[in-house]
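Let me begin by presenting the structure, written as structure tokens, before commenting on it.
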Amino acid sequence: MLDLDRREQIQVNQRNEPTLLLVDGMAVLFRAFYATSSSGYIRRTKAGLPTNAVYGFIRYFWDAVQTFGPSHVVCCWDMGGKTFRGEEYAAYKGNRAEAPDDLIPQFALIREVMDSLGIPNIGAQGFEADDCIGTLAKYYTEETDMNVMVLTGDHDMLQLINDRTSIIIMKKGHGNYMVYNPETLMAEKQLTPRQVIDMKGLMGDASDNYPGVRGIGEKTALKLVQEYGSIEGILSNMDKLTPSVRNKIENDLDMLHLSRKLAEIHCAVPVACALDICELRLDPDMVMDKFEQLEMKSLGSWMGVAIG
């Protein structure tokens with residue numbers, strides 16, 4: 001596990017290998033909004049347009065670019081509306097509050113800013129950003145010579161880890177990351193990527209509002225998955241479980257399977273992005289024009305963007 005901070009800015013991509021950074025746009029944008037609005041101050045243009053989340057997003061994003069040095073970048077987004085998970089389970093994410101009023105106009109605004117940076121914005125109706133990320137990670141690692149890194153704050157993404165896909169978990173503050181690959185995931189959590197899904201099937205996910213097996217929490221789920229390997233392994237050894245755990249699973253068997261289905265990232269979404277389109281090459285004039293429009297010209301200087 002890499003634990004990076006400002007005192008140790010490690011350039012992970014020093015191998016000069018082509019590397020794609022997939023950005024979980026919604027995770028970074030929400031993090032940026034709440035981090036910069038917690039004091040009660042919202043950055044705005046002179047016309048009153050809120051820009052704090054956009055400003056914070058770019059700070060987070062560019063710090064990751066400088067730290068990890070990708071050659072290519074794609075940003076993935078939720079598209080809003082019903083997803084296939086909502087069709088499967090009506091209560092899915094039903095506990096989520098509406099986005100704050102000051103954040104809503106920034107959803108479109110950040111896409112414009114990413115456009116100005118030459119970074120493709122990818123999404124698919126009926127699917128979540130996670131599914132787009134999973135699909136692109138699968139494609140690029142299997143069909144090209146790319147290594148893939150995913151920038152997110154969502155531990156569900158750990159299921160995507162493989163020998164060519166690493167997950168960068170953003171921690172509190174700027175420049176703080178935990179980087180997971182198969183070895184470090186096993187070292188820290190004693191889980192394989194596939195077992196991350198089985199864990200969620202058993203314990204559910206309160207933030208996404210699906211219950212798993214009622215009465216089974218993280219500690220019990222981890223013990224079961226580690227001992228029996230998978231949900232199939234657990235179900236094949238029900239006679240070895242304590243009566244209490246066995247009864248809980250038997251009483252919630254349908255929800256166990258449904259919760260695992262909801263937890264699994266779908267990696268066959270109809271999205272694509274050609275390599276030449278997502279190569280990271282800034283047009284300084286375009287970048288600074290957008291920053292000037294949003295009255296955040298200082299970001300260009302911070303990023304080292306010079307016109308001319």
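The values are calculated or read from the model by the stated rules, or taken from the named source; none is laboratory data. Source: prediction; values computed, not measured. Virtual Cβ from ideal backbone geometry, glycine too; neighbours counted across all protein chains shown. Heavy atoms of the whole protein, side chains included, go into the accessibility calculation; ligands, DNA and RNA do not. Shrake-Rupley method; radii C 1.70, N 1.55, O 1.52, S 1.80 Å.
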Nearest 10 degrees, 0 to 90: what angle lies between the long axis of helix 253-263 and the longest principal axis of the chain (Cα atoms)?
20
Residues with amide H under 5 Å of ASP205's amide H, sequence separation 5 or more or different chain, H placed in the peptide plane at 1.01 Å from N; which?
TYR210, GLY212
Describe numerically, in nm with one decimal, the distance between label points set 7 Å from Cα along Cα→Cβ at ASP239 and at GLN125.
5.3
Using the Kirkwood radius built from alpha carbon pairs, what does the Stokes-Einstein equation give as D for region 104-205 at 20 °C and 1.002 mPa s, in µm² per second?
141
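Given charges of +1 on the Cβ of Lys and Arg and -1 on the Cβ of Asp and Glu, with all other atoms neutral, how large is the dipole of the chain about its Cα centre, in debye to the nearest 20?
Values: 31 positive and 43 negative charges, 175 e Å.
In debye, rounded to 20, the chain gives about 840.
Whenever you get a sec, line up ARG281, ARG194, ARG111 from highest to lowest accessible area (probe 1.4 Å, protein heavy atoms).
On the way: ARG281 150, ARG194 115, ARG111 55 Å².
Per-residue accessible area, sorted high to low, gives ARG281, ARG194, ARG111.
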Put SER39, SER207 in order of accessible area, largest first, 1.4 Å probe: what do you get?
SER39, SER207
For region 61-144, what is the largest minus smallest coordinate of the Cα atoms on each principal axis, given in angstrom and ordered from greatest to least?
40, 36, 20
List every residue whose amide H lies under 5 Å from the amide H of GLY153, counting only residues 5 or more places away in sequence or on a different chain, with H placed 1.01 Å from N in the peptide plane.
MET170
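What Kirkwood hydrodynamic radius, in Å, does region 168-275 give when the mean of 1/r is taken over all pairs of distinct Cα atoms and then inverted? List each step's numbers first, then the result.
On the way: mean 1/r = 0.0651 Å⁻¹.
The Cα-based Kirkwood calculation yields 15.4 Å.
Would you please give the FRET efficiency between ASN95 and SER38, computed as 1/(1 + (r/R0)^6) with r the Cβ-Cβ distance and R0 = 25 Å, to the nearest 0.05? Numbers along the way, then the final one.
Values: r = 22 Å, r/R0 = 0.86.
The computed FRET efficiency comes out at 0.70.
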Quick check: the angle from helix 25-37's long axis to the longest principal axis of the chain, C-alpha only, nearest 10 degrees?
70
Estimated 222 nm signal from helices in the chain, with DSSP H stretches of n ≥ 4 weighted -39500 (n - 2.57), rounded to 500:
-13000 deg cm²/dmol
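Assuming a ≥ b ≥ c are the square roots of the Cα gyration tensor eigenvalues, decide whether region 8-116 counts as rounded (a/c under 1.5), prolate (otherwise, with a/b larger than b/c) or oblate. Working shown, then result.
Numbers: a/c = 2.13, a/b = 1.25, b/c = 1.70.
Oblate, since a/c reaches 1.5 and b/c is not below a/b.
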D (µm²/s, integer) via Stokes-Einstein for region 46-91, Kirkwood Rh across alpha-carbon pairs, 37 °C, 0.692 mPa s: value 233
Taking springs between alpha-carbon atoms closer than 10 angstrom, which of VAL287, VAL74, VAL28 fluctuates most in the Gaussian network model of the chain?
VAL287
To make sure I understand the rule: partners must be aspartates and glutamates, Cα under 12 Å from the Cα of LYS171, and not fewer than 8 residues away in the same chain. Which ones qualify?
ASP3, ASP5, ASP154
Identify which of TYR60, TYR177, TYR41 has the largest mean-square fluctuation in a Gaussian network model of the chain, with springs joining Cα atoms closer than 10 Å.
TYR41
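Seen from all sides and averaged, what is the projected area of the convex hull of the Cα atoms in region 230-308, in nm²?
Working: hull surface 44.5 nm².
With every direction weighted equally, the projected area is 11.1 nm².
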Say each of ALA206 and LYS172 gets a label point 7 Å from the Cα, pointing the same way as Cα to Cβ; how far apart are those two points in nm?
1.7
For the pair LEU280 and ASN162, how long in nm is the line joining their label points, each one 7 Å along Cα→Cβ?
2.3
Connecting every pair of Cα atoms under 10 Å apart in the chain and solving the GNM, the largest mean-square fluctuation among GLY173, GLY56, GLY48 falls on GLY48
[x] 5, 17, 22, 21, 15, 8, 5, 4, 2, 1, 0, 0; [y] 6, 25, 32, 24, 10, 3, 1, 0; [z] 6, 30, 38, 21, 4, 0: which one is P(r) over Cα pairs in 10 Å bins from 0, in percent as calculated from this entry?
[y]
Please figure out what share of the DSSP beta bridges in the chain is antiparallel and state it in percent, rounded to the nearest 5.
40
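Ranked from the most accessible area to the least, with a 1.4 Å probe and all protein chains present, what is the order of ARG260, ARG44, ARG214, ARG85? Display every interim value, and only then the final one.
Details: ARG260 30, ARG44 105, ARG214 155, ARG85 10 Å².
Accessible-area ranking of ARG260, ARG44, ARG214, ARG85, largest first: ARG214, ARG44, ARG260, ARG85.
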Could you report region 124-185's accessible area per residue, 1.4 Å probe, as an integer in Å²?
35
